[in-house]
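Remarks on the structure that follows.
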C-alpha cells in the first residue's frame with residue numbers, strides 16, 4: 001500500500017480509507033499490491049454501508065487525494081465527486097450485501113475525473129523522482145449525509161470496502177466503525193442534520 005498512507009475523518013465525514021490500525025489483518029494482505037499511484041483508477045470502486053436511518057445526499061461522496069512534502073514546501077489536495085453505480089445506466093456490477101437494518105451503496109470515479117486524477121498522479125510521480133520517500137500521500141472519502149429519522153443513542157456503525165484491479169473483489173477497510181465513538185475521540189459530539197425531504 002505504497003501511496004496509501006490513509007487519513008481518518010469523522011462526524012459527517014466518514015472514514016472509508018482510515019488508519020491501517022483499523023483494517024482487518026486479512027484485508028491488509030489483500031491490499032498489499034494496491035497502489036493509487038499505479039492502479040487503473042477506472043476500475044477503482046468504493047462501497048459504504050450505513051444505517052437505514054441515514055441518507056447519503058446526492059453527489060455527497062467525494063474522494064480526496066492529497067500529497068505533501070515532509071518539509072512543508074509542497075502540500076496539495078484534489079477532490080473528486082464519485083458516481084453511485086446504481087444510478088449509472090446499464091450498471092450491473094456486483095456489490096457487497098447489506099447487513100440487517102443497513103444499506104450499501106457503491107461508487108466510482110466519473111470519466112472526467114479519471115482523466116483529472118491521472119494528471120495529478122503524474123505530478124506526484126515527478127515529485128517522487130526528485131524527493132523520494134519525503135513525499136507522503138493520502139486518500140480519504142468524505143460522505144455528506146443526513147438523518148432520515150431520529151438517530152438513536154448508541155453506536156452508529158459504518159462498514160467500508162475498496163475494490164481495485166489488484167484486489168479484484170471488494171475488500172473490507174473498516175468493519176462496524178462507530179462514528180459516535182470516533183467523534184468523541186476527536187472531542188466532538190456526533191451531529192447528523194435531518195434530511196429536508
Filter result for residue 51 (surrounded by 13 or more Cβ atoms within 10 Å (Cβ to Cβ), modelled with pLDDT of 85 or more, farther than 16 Å from residue 142 by Cα and touching a strand residue (DSSP E or B) at 6+ places or on another chain (Cβ under 9 Å)) = yes
ask   = Among 72, 60, which is the only one that is assigned to a strand (DSSP E or B) and either touching a residue at least 12 places away in the same chain (Cβ under 8 Å) or over 17 Å from residue 123 (Cβ atoms) (or both)?
value = 60
ask   = Does residue 95 count as closer than 24 Å to residue 49 by Cα, at pLDDT below 80 and surrounded by 15 or more Cβ atoms within 10 Å (Cβ to Cβ)?
value = yes
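The values are calculated or read from the model by the stated rules, or taken from the named source; none is laboratory data. All values derive from a computational prediction rather than experimental measurement. Please note: Cβ atoms are built from the backbone with ideal geometry, for glycine as well, and neighbour counts cover all protein chains shown.
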